[in-house]
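Structure first, then comments.
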Amino acid sequence: MKSILYFPVELTALQTSLEPHPVLWRTIPSLQSLGKLGSGYFGTVLKAIDTVDVYNLSGCAIKCVDIDKTLNSMPLNDSAVLFSKLLNEVRVLSKLNSDHVVKYDSCWAACTSRNGITTHIQRLQLEAYIDTVVEEASVSVGIPTSAYGRNYLFLKLEFCDTTLDKYIAKFKNTTGCHTPLVTNIWETALQIAIGLRYIHTKKIIHRDLKPANILGVLVNSNTIVWKIADFGLSVTSEEEEYYGNPAGTAIYRSPEMRNGSVYSSQTDVYSLGLCFLELVQLCGNTFDKVDVFEKLITLREQSRRNLIKNIIPKCVHKFGKIIIEMLQEDPINRCNSGRLFDYINRHCAKFGYK
């Protein structure tokens with residue numbers, strides 16, 4: 001399913017420019033680095049192309065984590081949590097297969113000893129290897145990591161060109177409110193709703209939905225496919241409710257997660273409702289999301305509805321109705337991801353988009 005943009009924008013402006021960067025892996029010679037996409041607390045993301053993969057000409061994204069640098073730059077417990085998130089992302093993504101979820105390819109580690117010999121650690125040995133490295137670090141305080149060689153962790157994922165937050169920032173309130181733009185907003189929401197419904201059928205709670213974690217693949221000059229990404233904080237729960245600590249980005253947390261209550265997949269619906277509220281800024285009515293999201297937590301039901309209605313432009317008032325339902329304070333009163341998909345799908349069918 002693809003989002004067709006009929007209004008005059010340059011989608012190529014959304015693409016991340018590559019910075020020159022050396023290859024960080026040594027054990028897969030067919031995997032060639034094209035440059036750096038960005039950096040984060042987890043390490044560096046490189047765009048690469050596998051010369052033996054003739055079916056994937058668009059390349060892939062490689063998350064590269066310098067294990068030694070990570071262990072030296074933060075408390076040991078924080079490092080262990082970071083590695084746990086990365087391995088959790090691998091466990092979850094390896095079970096998923098949807099056009100609207102970022103695809104996982106492989107994961108490995110590489111250890112280069114002091115004599116220059118590099119060992120490739122495969123997925124099956126990866127968790128035990130990480131545990132060993134962290135344990136060694138806990139008893140080697142003050143000893144330079146170079147004494148133990150260099151350790152890297154790699155995740156190979158589907159390459160995506162942009163993120164929903166970049167898309168919103170670039171095009172919000174730039175074209176005015178008209179039918180093609182309204183159609184595009186519905187189509188974009190439908191793709192993301194498909195991804196969320198699929199995740200929830202797999203008994204997975206994402207726990208960190210936000211525009212930065214919704215990625216877009218540019219198929220051509222006017223076509224984007226949207227995909228849910230970053231499953232480092234996700235959990236699998238066979239029960240209807242999850243007894244866990246608050247997670248994710250604070251301003252996108254649901255009321256029940258903020259106050260430390262038991263939560264369920266409905267917490268994802270609330271977070272996505274906030275994302276959709278940002279999305280309608282393409283039609284105008286831009287707002288300070290920190291201020292608005294904080295107010296939504298504190299307001300009573302009717303005041304919350306009024307605040308949302310004042311933000312939603314008239315041209316997408318029907319979209320506003322489902323956003324109001326997604327942002328109900330009580331998760332029991334929220335629509336679930338199945339109901340969300342059905343509602344959006346019905347409206348998209350009116351535009352001939354299926």
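Considering only residues of segment 79-110 that are of a type in the set (Val, Ile, Thr) and modelled with pLDDT under 95, which is nearest to residue 63 (Cα to Cα)? Walk me through how you get there before you give the answer.
Taking segment 79-110 as the starting set, the residues that turn out to be of a type in the set (Val, Ile, Thr) are 81, 90, 92, 101-102.
Still in the list and also modelled with pLDDT under 95: 81, 90, 92.
Values: 81: 17, 90: 12, 92: 16 Å.
It comes out as 90.
Run down 341, 287 and say which single residue is among the aromatic types (Phe, Trp, Tyr) and under 18 Å from residue 269 (Cβ atoms).
On the way: 287 fails: under 18 Å from residue 269 (Cβ atoms).
341 is the lone residue from the list that is among the aromatic types (Phe, Trp, Tyr) and under 18 Å from residue 269 (Cβ atoms).
Give the residues of segment 10-58 that are part of a loop (DSSP other than H, G, I, E, B) and charged (D, E, K, R), sorted by residue number.
Restricting attention to segment 10-58, the residues satisfying the condition of being part of a loop (DSSP other than H, G, I, E, B) are 10, 15-18, 20-30, 41-42, 51-58.
10, 26, 53 - these are the residues of segment 10-58 that are part of a loop (DSSP other than H, G, I, E, B) and charged (D, E, K, R).
Restricting attention to segment 68-82, does a residue exist that is in contact with a helix residue (DSSP H, G or I) (Cβ under 6 Å, 6 or more places away or on another chain) and among the β-branched types (Val, Ile, Thr)?
Looking for residues that are in contact with a helix residue (DSSP H, G or I) (Cβ under 6 Å, 6 or more places away or on another chain) and among the β-branched types (Val, Ile, Thr), one finds at least one in segment 68-82, hence yes.
State which residue is modelled with the highest pLDDT when the search covers only segment 158-181 and only residues that are surrounded by 21 or more Cβ atoms within 10 Å (Cβ to Cβ) and among the aromatic types (Phe, Trp, Tyr).
Going through the qualifying residues, I end up with 159.
Are any residues in segment 82-107 surrounded by fewer than 19 Cβ atoms within 10 Å (Cβ to Cβ) and either in a strand (DSSP E or B) or among the polar types (S, T, N, Q) (or both), and if so, which ones?
Across segment 82-107, the qualifying residues are 84, 88, 94, 97, 98, 105, 106.
Rundown of residues vs (1) among the small types (Gly, Ala, Ser); (2) surrounded by fewer than 12 Cβ atoms within 10 Å (Cβ to Cβ); (3) modelled with pLDDT of 90 or more, yes/no style:
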{"residue": "34", "(1), (2), (3)": "no, no, yes"}
{"residue": "37", "(1), (2), (3)": "no, no, yes"}
{"residue": "48", "(1), (2), (3)": "yes, no, yes"}
{"residue": "55", "(1), (2), (3)": "no, yes, no"}
{"residue": "60", "(1), (2), (3)": "no, no, yes"}
{"residue": "66", "(1), (2), (3)": "no, no, no"}
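Looking at segment 182-226 only, could you name the residues that are farther than 22 Å from residue 347 by Cβ, small (Gly, Ala, Ser) and modelled with pLDDT of 90 or more?
212
Looking only at residues that are in a loop (DSSP other than H, G, I, E, B) and among the polar types (S, T, N, Q) in segment 210-226, which one is farthest from residue 278 (Cα to Cα)? Walk me through it before giving the result.
Taking segment 210-226 first, the residues in a loop (DSSP other than H, G, I, E, B) are 210, 221-222.
Going one step further and asking which of them are among the polar types (S, T, N, Q), we end up with 221-222.
Details: 221: 23, 222: 21 Å.
For segment 210-226, the residue satisfying everything is 221.
From the list 249, 298, 267, exactly one residue is surrounded by fewer than 16 Cβ atoms within 10 Å (Cβ to Cβ), hydroxyl-bearing (Ser, Thr, Tyr) and either within 18 Å of residue 205 (Cα to Cα) or touching a Gly at 6+ places or on another chain (Cβ under 6 Å) (or both). Which is it?
Numbers: 298 fails: either within 18 Å of residue 205 (Cα to Cα) or touching a Gly at 6+ places or on another chain (Cβ under 6 Å) (or both); 267 fails: surrounded by fewer than 16 Cβ atoms within 10 Å (Cβ to Cβ).
The unique qualifying residue is 249.
Give me a count of the residues in segment 200-214 that are buried (at least 24 other Cβ atoms within 10 Å of the Cβ) and within 25 Å of residue 16 (Cβ to Cβ).
Within segment 200-214, residues that are buried (at least 24 other Cβ atoms within 10 Å of the Cβ) and within 25 Å of residue 16 (Cβ to Cβ) number 4.
From (1) over 29 Å from residue 139 (Cα atoms); (2) hydroxyl-bearing (Ser, Thr, Tyr); (3) out of contact with any helix residue (DSSP H, G or I) (no Cβ under 8 Å at 6 or more places or on another chain), pick out the condition that doesn't hold for residue 106.
(3)
If you go through segment 111-139 one residue at a time, how many are closer than 15 Å to residue 80 by Cβ and modelled with pLDDT under 80? Walk me through it before giving the result.
First, the residues of segment 111-139 that are closer than 15 Å to residue 80 by Cβ: 126-139.
Filter once more, so that each one left must be modelled with pLDDT under 80: 136-139.
The number of residues fulfilling the criteria is 4.
Let me spell it out: the conditions are (1) in contact with a helix residue (DSSP H, G or I) (Cβ under 6 Å, 6 or more places away or on another chain); (2) of a type outside the set (Lys, Arg); (3) in contact (Cβ under 8 Å) with a residue 24 or more places away in the chain, and residue 343 meets all of them except one. Which number is the exception?
It fails just one condition, (3).
Looking only at segment 215-246, count every residue that is surrounded by 22 or more Cβ atoms within 10 Å (Cβ to Cβ) and among the β-branched types (Val, Ile, Thr) and tell me the total.
Within segment 215-246, residues that are surrounded by 22 or more Cβ atoms within 10 Å (Cβ to Cβ) and among the β-branched types (Val, Ile, Thr) number 2.
Any idea which residue in segment 77-118 is farthest from residue 27 (Cα to Cα), counting only those that are over 23 Å from the mean Cα position of the chain (by Cα) and among the aliphatic types (A, V, I, L, M)?
117
The values are calculated or read from the model by the stated rules, or taken from the named source; none is laboratory data. Here the structure is a predicted model, which means the values were calculated and not measured. Positions of Cβ are generated from backbone atoms using ideal geometry, with glycine treated the same way; all protein chains shown enter the neighbour counts.
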